[in-house]
Every structure is written in C-alpha cells, then in structure tokens.
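Please read the structure below before turning to the comments.
The values are calculated or read from the model by the stated rules, or taken from the named source; none is laboratory data. These numbers were taken from a predicted model, which means no experiment stands behind them. Here Cβ is always computed from backbone atoms with ideal geometry, including for glycine, and neighbour counts include all displayed protein chains. Note: accessible area is taken over every heavy atom of the protein model, side chains too, but ligands, DNA and RNA are not part of it. Shrake-Rupley method; radii C 1.70, N 1.55, O 1.52, S 1.80 Å.
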Amino acid sequence: MRVLVTGGAGYVGAVSVDALLAAGHDVVVLDDLSTGHRAAVPDGVRLETASFGDEAFVGELLSSARIDAILHCAARSLVGESIREPSLYYRSNVAGGIALLEAARRAGVGRIVFSSTAAVYGVPDATPIDEDAPLRPINTYGETKRTFEAAMAAYGSAYGLRSVSLRYFNVAGATERVGEVHDPETHLIPNLLRVAEGSGESLTLFGSDYPTPDGTCVRDYIHVADLADAHLRALEATAPDDRRTAGALVCNLGSGGGFSVREVVAAAESVVGRPIPHTMGPRRAGDPPILVASVARAESVLGWRLQRSSLEQMIGSAWEWRQRHPAGYSA
C-alpha cells in the first residue's frame, strides 16, 4: 500500500510509520509539526508540513502521491484543553476530519484507519468495556472523536468508505527510534520518569479511596509498538475485497486487564531503581474507578495479539529511550 499517515511526526504516528515501512509499504507523512517532531520522521520518508484539514492541499497530495489508504493519527488530544476551548477541538478534530474525508472521497481514496480513543465511552456501565457499550463521552475530546467515527460510518454507507476505528486508553513505552515527548505532558508514566530523572518535584496522584484493590484508579495500557501493529493490521483489513470492513469496523485495544496507579508507580520505581517522590491528592472530578477495554474483537477479527503486556516492558523501554535522549529529539 501507499499510505498517508496524518500526525506521522508524533509519538503514535511515528512508531506506526516504522511498522508500515517494516511491512514493505510506502509512506507519506502529513504533519503540521505543532506537536510533532521533524526528527521523528525516518530518513527518506516524504514529509508534508500542512494541516490534515486543508482539503485542497490534502486532495492534491492524495492524488499526486497515488495514496491507497489513510492512517489518521493527527488530532488535538488534551482533555482539559478540550473542556476549556471546545472550539479548537470541533474545528480540528471534526471540521478538519470532514475536510480530510472529502479530500479522500474526491481523490478516490476509499480506505481509512482512525486512531480513536476509549474516551468515547465516558463512564461505562460495566468493565471490561466492549465495543457495543453506549457512547457517552464526558469531555469535548471524546465527543469529537465519537463524532468523527460516526462521520466515517456515514461515508461508508453513502460512498463506500472502508474504515476501522481503534479505541484505546493509555499508550506507553518506546521503540529504539521513537519515544514520547509532549509539551505539556499529561500522561502518568512520562511524568513519573521525569520526576525520577531528578526534576526536584513531587508528582501528585489523584484519589486513594476508590473501590479498587488498592484504592487508586485502574487504567488500561498498551505499548506503542503493539498499537502500531494494530494500525498495520487494520489498514490491511480495509482492502477492497475484505469482508471485515464491509461496514465500519470498531475495535478496542488494551491490556485486557488494567493496572492501578499504585502499580504503575511501583513498576516505575522498580525500573529506575529508586523511589519516585509522589503524594496522594483528592479525587479528580470525572475519574471513574476502573477503565479497562475488552480486546476480544481485535484478537478475533484482526488477528491482533498483545506482545508487550507487562508494565516493566512498557516503562522500561520508555526509560531506556529517555536515557539515550535526555533532551528529547533535540539530543
């Protein structure tokens, strides 16, 4: 395939680019570099610095590069920001997403995989969450992802678009070449590792009185390389004669079990070999006690299997990458 990867200079996108290349596919990266890193794009891969919401530019790129399929990883993705500035999220994730779909339709590109989020479920009625659970996002970020998923399904019914949406919670870990570098950083594992590096601060963890085995929230994690493998398998499933994507396919991804906040802290301390300063604060509003996704459909339909299931594998790979790149991609 010739694949356009939007957000291919970002954390998830860059690892997915490497997976596609390793599988023998051709890749073009589209990234406005607002949060991505030019250095994350492999040497020799074409990088177009533009927004996926620029319909005219993307349409011309899809045609001139003879793109077969799109992997859509680009999005605004900060929950707190989405609540404060919903206009940014609807303009980018929804309006920009529709522009991408229109560019694809006019260029005759009928295959897309969407890097979605389990935030579309909101606070679930039961866990583990399966793909047929009600979609009740509790923030603008999750709502915009849900809306774009619905748009892809509608384009499938009306125009024959073949699509896969992959819903996951927390991505962690690193590969030999790509690590996690965000500003601001809102994820637990990289923030723990930043403190472990000697930032002189103490990390606040939220809530110690949840109805869970150790009182802290339980969350699902997936290694970024396992996510990239799922992206690859999902793209292959969008082939024109593949019955799996005769309708819009949705699959959850995750560990299938989940880990508590205290377990993540303990694993990080084990990896770095010393205590990591932290304190326990009150609960945050809107944090459910347990969020774990069922991965049975991804396993049965995509043939996807988790290869890096332990916290030590995820955190260890992230720690190793940070030690090799103390200044991030500028090192």
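Some notes on this structure:
- Multiplying the residue separation of residue 300 and residue 242 by 0.36 nm and removing their Cα-Cα distance gives an extension gain of 19.4 nm.
- Seen from residue 126, the other residues with C-beta closer than 14 Å to its C-beta sum to a net charge of -3, counting Lys and Arg as +1 and Asp and Glu as -1.
- Dipole-positive endmost among 152, 258, 280 within the chain (Cβ charges, Cα centre): 152
- Counting only DSSP beta bridges whose two residues both lie in the chain, roughly 5 percent are antiparallel.
- The C-alpha atoms of the chain define a longest principal axis, and helix 11-22 lies at about 60 degrees to it.
- Each peptide in 303-309, 232-238 gets a packing score, the mean of other Cβ atoms within 10 Å over its residues, and the list from highest to lowest is 232-238, 303-309.
- Simple Cβ-charge dipole of the chain, Lys/Arg +1 and Asp/Glu -1, about Cα centre, in debye nearest 20: 320 debye
- Only Lys, Arg (+1) and Asp, Glu (-1) charged, at Cβ; the range 81-212 dipole about Cα centre in debye: 720 debye
- Label sites at residue 312 and residue 158, each approximated as a point 7 angstrom past Cα along Cα to Cβ, lie 5.3 nm apart.
- Backbone HN-Hα couplings from phi across the range 216-229 [Karplus 6.51/-1.76/1.60, Hz, Gly and Pro as x]: 10, 4, 10, 10, 8, 10, 9, 5, 4, 6, 5, 5, 4, 5
- Taking the Cα centre of the range 244-331 as origin and assigning +1 to Lys and Arg Cβ atoms and -1 to Asp and Glu Cβ atoms, the resulting dipole is close to 140 debye.
- Gain on full extension, evaluated as 0.36 nm per residue between residue 320 and residue 95 minus their Cα-Cα distance, stands at 77.1 nm.
- For the range 114-127, 3J(HN,Hα) computed residue by residue from phi via the Karplus equation (6.51, -1.76, 1.60; θ = phi - 60°) reads 10, 7, 8, 7, 6, 5, 5, 7, x, 8, x, 6, 8, 9 Hz, glycine and proline entered as x.
- Shape call, the range 1-83: gyration tensor on alpha carbons, a/c limit 1.5: oblate
- Whole-percent carbon and sulfur share, accessible surface of the range 92-245, 1.4 Å: 50 percent
- A 1.4 Å probe run over the range 280-331, with the rest of the protein chains in place, finds 53 Å² accessible per residue.
- 13 Å beta-carbon shell around residue 65, net charge (K/R +1, D/E -1): -1
- A simple spin-label model places pseudo-atoms 7 Å from Cα toward Cβ; at residue 194 and residue 50 they are separated by 3.3 nm.
- Net +/- balance of residues flanking residue 211 in space, Cβ distance below 13 Å, scoring K and R +1, D and E -1: -2
- Overall, the anisotropy analysis places the range 38-115 in the oblate class: the square-rooted eigenvalues a ≥ b ≥ c of its C-alpha gyration tensor yield a/c not less than 1.5, with a/b not exceeding b/c.
- Shape of the range 36-186, Cα gyration tensor, a/c cut at 1.5: oblate
- Helix 311-324 and the long axis of the chain differ in direction by around 80°, with both axes built from C-alpha atoms.
- Working from Cα pairs under 8 Å separated by at least six residues, relative contact order for the chain is 19 percent.
- Against the criterion of solvent-accessible heavy-atom surface with a 1.4 angstrom probe, 73, 251 sort, most first, into 73, 251.
- The packing ranking of peptides 145-153, 182-190, 266-274, 114-122, highest mean first, is 114-122, 145-153, 266-274, 182-190, where packing means the average number of other beta carbon atoms within 10 angstrom of each residue.
- Centre separation in Å (Cα based) which lies between the range 3-59 and the range 298-327: 21 Å
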